[in-house]
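See structure below.
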Amino acid sequence: MEFCPECGSMLVLKDGALTCRRCGFAKERGEGRSVISVEQRADKTIAVLEGGSDAGMPTTRARCDECGNDTAYWWLRQLRSADESETRFFRCTKCGKTWREYD
Amino acid sequence: MSAFVTVTAKIIEERVNALSLPPKIKDLLIAELLDAMPDEEQLDTIIARVMDGYVNAGIEPCEPVGVVAAQSIGEPGTQMSLPADEGVLVDLGSGMEVVKIGTLVDDLIEQFGGTEVNGSEVCMPGATERNGAVLRVPSLNGSGKIVWKRVLECSRHRNDGKLLELTTRSGRKIRATPHHSYVIRENGIIKPIAGSKLQQGDRIPVARNIPESPTAQTCTALDLSEYLPKDEYWFGSELEKAACGDPYTVPVACVQLENHLNGDVSFELEEGFVYPVQNHGNARIPEFAPLDSLFGWFIGAYLAEGSTAPNYTAISNMDCCYQELVREFAGSWNLTFNEYDNFRGFAPGHDIRINSTLLQRFLVTVCGKGSHNKKVPDFAYGAPDEFIGSLLRGYFDGDGNVSTERKVIRISSCSHELIDGIALLLGRLGILATKNSSDREHLLSIPFRYAQLFREKVGFGLQKKMAALDTLCTLSEEQGKPYDAIDMVAGFGTVLEDIATGLGIPMRIVHSATLRQYIGRRALQRFRDRCAIAADEKGVEIPAELAKLDAMIDEDVIWDEIVSIKHLDAPGEGEYVYDFSVDGLETFITSEGVVTHNTMRTFHYAGVAEINVTLGLPRLIEILDARKNPSTPVMTVYLTGGSSKKRAQEVAWSIQRTTIADLGEIATDRVNLTITVEIDERAMYERNLTLPDIIEPLEAKLKVPIDVSGYTLALRPKEDTLGSLVQLGRNLKKVLIKGIENIPRVVIQKDGSEYVLYTEGTALDGVLDIEGVDPTRTISNHPGEMCEVFGIEAARNSIMNEIMSTLREQGLEVNVKHIMLASDMMTCDGEVKQIGRHGLSGEKASILARAAFEVTVNHLIDAGMRGEVDELDGVTENVIVGQPIRLGTGDVNLIVKS
């Protein structure tokens, strides 16, 4: 992209020469340093999730009331105000029942 | 320095208790010391050391304590691969071949270029040079059948770790990195499993029947110019080409060529034959050797009993039928031969030497020479079944051994490659052999249960061996088959017991099989027949169950038990290891028949795959406010007709919005005012698009002429200004090529046994029309849209489900009746109204109630202006006024009886 030395507007490629639209100044093409902006292809693949979406969570021993299983995924969330402790969420690994505990 | 004091328990206790250590450590120390009872010096040293250790282990506040270990979930296939010299079965365009994965992938990367992806070099092979065919591999699909699938990617990376070598009961081995995944079957479903998780006793699939590869039909004759280079041997067809003025390749200088063209020579060159340059005996062989049974037999014979010298090929055998066939072959190719008796070795032998340098050169090139180096020629794998059968017959006639006592057919060789090749050829015919190796000798045994199949497909030429084979066949018929530990069907879950209970067959028959999760194929066949009989007796039809059993019996694989798992050192530090990425179930097969899996593709986006949905209180507010555009609209799309991953992906691509930006690189040239799009072939293939599919919408929307050359599109804007170029660029990215406009992303999740699609963005009316989508189950999480598309009752259900699931996700349990009340109130008038002042609360008849809820003054003033009357019916207004409400006690009014 080049600019007209006389009036400052952008030079456009017209009939093989770089001309200024405003003042008529013309210039040779030169080595032809093209300004090409390239956008890479966004590599999108459709993800297929095989394992259960809980699979990454940590587990602990906690008794599920519904199925009696002894292992549950757990996570902590601070639901109440900042000076209160966190609520513990549990999800049974077998039946998926979610419950919470707070003291 | 104190006087020598005998160390007693009391002294130990005193000394330790005087130290400044936590009580627990003191107790431990005392216990240890009482156990050891040191003398005084030792006691001093011990105490000094303990104190030192304790002080050193102490942590100051703010000091970093340890390392938090993090695991990257998004590893794209590092460390999951095979070493370079592991052979794999592929089809490169001329039938099935065995190649070493290292050489193949290296060549492909050189030919098609590789890109770096997280430490591996990945290459997407296009069409290979041969016949323009694509690279395919035999792959195990979900129903246990082997089909030929295209290889979408191949990769290599440096391996720094160890390798795992698995050995199966049938003697097959496979080496791979510990994270490399294999497949096993659990509960009837074939799924991947990491090599490091496999244990002895697990069963992995081994191919027992490999179908013909898709390009095999083209190989009925072998082009010998591949093995006899045209610049070393005379090809008659080349002479013809020279005569006609076409480009040609000949092994001689121009002068001699002239002579041949003029007929000025001692031997004629006919088209269709190959000649050696110095041809005194008019020796020649056909240019295209037909792959018929005689040729096959001869190759087998060479592998078994052949040897070569520069001028001839010799086959040594004492049997006269054998010798007849050798002579017949030589005769069919018009080759001369000489015969000799010889006494080298431990028994008298008879040699037939076929005089032909061409034949000798050919055999040495394709089969190798010397007993340690012989191998099955590559073209044999892709040849017709007849050829393979006669090749095996030739080989077994020479080196095979039928043992009626042990009930096997055996061969042995010092060439490992040869035994592997024979095993593979037998696999092509459906015969599964067992391998056994020691240092120098390799054995292959075919159990007699395959005797009949062997007789049918291969047979023997020699009388004695054929007779023994017949005996084996009758034996196998009479005796019923013994327990075959190898040919097993595994991982079928409870299906056998279910079918048995359904038909009233006693469960104990299949109980142990279900417990062990494997059953012999014969036993399964007997069970299936029994089920069919029981069904007939009861008069019930069980086509589905019988079909299931039949599918398992007819599988193309056996489930071979792993007998040993060894750790090996990597072939060298930083050596490359390789992998394929195959369409579909993503399995491919090694040269020994072991099915292995690749998980490269499913790992690519493992980190970013979850769809983000609003949860908790904000979501509850969204629903109850009946917001017209919720913050995270999501559609749950179910599929019709057979839930397979491939179908799920197809449907997913038809929904997800595809623009040019996803398909290719866009280059904007500001000086020349053009936009060039370089389309990626693979992206097109993934989305099942063709070039016209892309160009049509572009032309229609942009109304600008498009230049197409190969996979590159060039566009120019209508006007010659930079402004219109930039505008064109913007519009270009907006054009919708495939999918639905509002849906930028789709995620597939496997829910139990079916695949479900979740979309970011919602367009229910558009999606229901798409093929493969089940319109009876597909929903959206936006109740307003559910009302528009499915009606008000559906909206009511949608509201209830959404609220219930939001609460359940938070671990709260609310009885559904309360939510039903809210939902009913919102939808009772036929549209979805919000609870707030623009909906339910704003429509209350009572002015005071409305005023007490939100905009107080407006309601009061408007009511005053209009002279409205408040009937004081509801709860709020009565509370304001101070009267009892019209429920409970206030439900009744007293009237005076006149």
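Key figures
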item: Boolean, A:CYS7 is out of contact with any strand residue (DSSP E or B) (no Cβ under 6 Å at 6 or more places or on another chain) and in contact (Cβ under 8 Å) with a residue 24 or more places away in the chain; result: no
item: From the options B:THR690, B:THR759, B:THR776, residue that is within 12 Å of chain A (Cβ to nearest Cβ) and either within 32 Å of the chain's Cα centre (by Cα) or over 27 Å from A:VAL48 (Cβ atoms) (or both); result: B:THR759
item: Filter pass, B:LEU363 being aliphatic (A, V, I, L, M), closer than 19 Å to B:SER390 by Cα and in contact with a strand residue (DSSP E or B) (Cβ under 8 Å, 6 or more places away or on another chain); result: yes
item: Tally of residues being within 20 Å of B:ARG169 (Cα to Cα) and either among the β-branched types (Val, Ile, Thr) or buried (at least 16 other Cβ atoms within 10 Å of the Cβ) (or both) across segment B:431-460; result: 14
item: Number of the condition not met by B:LEU764 [criteria: (1) more than 29 Å from the chain's Cα centre (by Cα); (2) surrounded by fewer than 19 Cβ atoms within 10 Å (Cβ to Cβ); (3) more than 13 Å from chain A (Cβ to nearest Cβ)]; result: (2)
item: Qualifying positions in segment B:751-761 - part of a strand (DSSP E or B) and buried (at least 17 other Cβ atoms within 10 Å of the Cβ); result: B:TYR755, B:VAL756, B:LEU757, B:TYR758, B:THR759, B:GLU760
item: Residue satisfying all of: in segment B:654-685; over 35 Å from the mean Cα position of the chain (by Cα), part of a strand (DSSP E or B) and within 7 Å of chain A (Cβ to nearest Cβ); farthest from A:THR45 (Cα to Cα) among these; result: B:ASP669
item: Selected residue [of a type in the set (Asp, Glu), on the phi < 0 side of the Ramachandran plot and in contact with a Lys or Arg (Cβ under 7 Å, 6 or more places away or on another chain)] from B:GLU153, B:GLU165; result: B:GLU165
item: Yes/no for B:VAL206 being of a type outside the set (D, E, K, R), within 14 Å of chain A (Cβ to nearest Cβ) and either outside any helix (DSSP H, G or I) or within 25 Å of B:PRO83 (Cβ to Cβ) (or both); result: no
item: Given (1) within 13 Å of chain A (Cβ to nearest Cβ); (2) in a helix (DSSP H, G or I), number of the condition B:PRO717 does not satisfy; result: (2)
item: B:ARG353 being among the basic types (Lys, Arg) and touching a Phe, Trp or Tyr at 6+ places or on another chain (Cβ under 9 Å); result: yes
item: Qualifying positions in segment B:826-876 - among the charged types (D, E, K, R), over 27 Å from B:ILE623 (Cα atoms) and part of a loop (DSSP other than H, G, I, E, B); result: B:GLU868, B:ASP870, B:GLU871, B:ASP873
item: Residues of segment B:639-664 that turn out to be surrounded by fewer than 19 Cβ atoms within 10 Å (Cβ to Cβ) and among the acidic types (Asp, Glu), as a count; result: 1
item: Number of the condition not met by B:GLY102 [criteria: (1) modelled with pLDDT under 80; (2) within 20 Å of B:LEU166 (Cα to Cα); (3) of a type outside the set (Ser, Thr, Tyr)]; result: (1)
item: Sole exception among (1) of a type outside the set (Lys, Arg); (2) under 14 Å from B:PHE362 (Cβ atoms); (3) at pLDDT 75 or above for B:ALA283, by number; result: (3)
item: All positions within segment B:696-755 that are touching a Phe, Trp or Tyr at 6+ places or on another chain (Cβ under 8 Å) and touching a residue at least 60 places away in the same chain (Cβ under 8 Å); result: B:LYS738, B:GLY739, B:VAL746, B:VAL747, B:ILE748, B:GLU754
item: Within segment B:681-712, considering residues that are touching a Lys or Arg at 6+ places or on another chain (Cβ under 9 Å) and of a type in the set (Lys, Arg), the one surrounded by the most Cβ atoms within 10 Å (Cβ to Cβ); result: B:ARG687
item: From B:ARG522, B:ARG516, B:ARG528, residue being closer than 25 Å to B:ILE204 by Cβ, in contact with a Lys or Arg (Cβ under 9 Å, 6 or more places away or on another chain) and among the charged types (D, E, K, R); result: B:ARG522
item: Residues (under 36 Å from the mean Cα position of the chain (by Cα) and either among the aromatic types (Phe, Trp, Tyr) or part of a helix (DSSP H, G or I) (or both)) located in segment B:397-425; result: B:HIS416, B:GLU417, B:LEU418, B:ILE419, B:ASP420, B:GLY421, B:ILE422, B:ALA423, B:LEU424, B:LEU425
item: Some residue of segment B:796-810 being farther than 30 Å from B:ILE675 by Cβ, within 12 Å of chain A (Cβ to nearest Cβ) and part of a loop (DSSP other than H, G, I, E, B); result: yes
item: Residue check, B:VAL540 loosely packed, with under 13 Cβ neighbours inside 10 Å and farther than 29 Å from B:VAL183 by Cα; result: yes
item: Residues satisfying the stated conditions in segment B:426-448, i.e. farther than 19 Å from B:ILE388 by Cα, not in a strand (DSSP E or B) and not aromatic (Phe, Trp, Tyr); result: B:SER438, B:ASP439, B:ARG440, B:GLU441
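The values are calculated or read from the model by the stated rules, or taken from the named source; none is laboratory data. It should be emphasised that the depicted structure is a prediction, and the values quoted were computed from it without experimental measurement. When we count neighbours, we look across all protein chains shown, and the Cβ atoms used for this are built from the backbone with ideal geometry, even at glycine.
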